[in-house]
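The values are calculated or read from the model by the stated rules, or taken from the named source; none is laboratory data. Worth saying up front: this structure is predicted, and the values here are computed from it rather than measured. For neighbour counting, all protein chains shown are included, and Cβ atoms are generated from backbone atoms with ideal geometry for every residue, glycine included.
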Amino acid sequence: MNKLFVYIFAMFSVMQVTEVIAQPSQQHKGFDRGAYESRKNAFITAELKLTPEEAAAFIPLTNELEHKKFEASMECRKINRELRKKESSTDQDFNQAIDVCLEVHMKEAELEKEYYAKFRKILSPEKLYRYKNAEMKFARIFMKERNK
């Protein structure tokens, strides 16, 4: 029964995402973060065969982690954009960009460590191990579809 619920939940989520993607957004014609997140959540739930209880506890935490990592990486993206726009960059500019991005990577690693401790309370070690692979698999599928 739980498997049936998970598959129905996943299919419903995919149908909603498909519907959202099929309707062009008036506000933003580029990347739809909400649709991406919904589709990813459905994929992760199905790929890991999460129970409804696991999904209800795990998925919001993964979304929270992704949002925090996105926020942390904003400074690195900003400094890289500025560096690309500069006519001539100095060694100091490059060193600053390197240092900022290294700090961001360290912050992201700290966040992952913090959240994996929370994930361990929800998922079995096997499911947690398979989570990162499922995330990468989804990213490959998503990019393939987007590049068609």
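Side notes on the structure shown:
- Residue that is among the acidic types (D, E) and under 20 Å from A42 (Cβ atoms), where the choices are E110, E135, E103, E114: E135
- Residues located in the range 65-86, provided they are among the basic types (K, R) and either within 22 Å of Y131 (Cα to Cα) or part of a helix (DSSP H, G or I) (or both): K68, K69, R77, K78, R81, R84, K85
- When the range 56-66 is filtered for residues that are farther than 26 Å from A109 by Cβ and surrounded by 16 or more Cβ atoms within 10 Å (Cβ to Cβ), nothing remains.
- Applying the condition of being of a type in the set (S, T, N, Q) and not in a helix (DSSP H, G or I) to the range 100-148 and asking which residue is farthest from Y36 (Cα to Cα) yields S124.
- Residue among K78, K69, K85 that alone is touching a Leu at 6+ places or on another chain (Cβ under 7 Å), not assigned by TED's automatic domain parsing to the domain that holds S38 and not hydrophobic (A, V, I, L, M, F, W, C): K69
- If you go through the range 67-76 and pick out every residue that is surrounded by fewer than 13 Cβ atoms within 10 Å (Cβ to Cβ) and not aromatic (F, W, Y), you end up with 3.
- Single unsatisfied condition, S89 versus (1) in a helix (DSSP H, G or I); (2) without any contact (Cβ under 8 Å) to a residue 24 or more places away in the chain; (3) surrounded by 12 or more Cβ atoms within 10 Å (Cβ to Cβ); (4) not acidic (D, E): (1)
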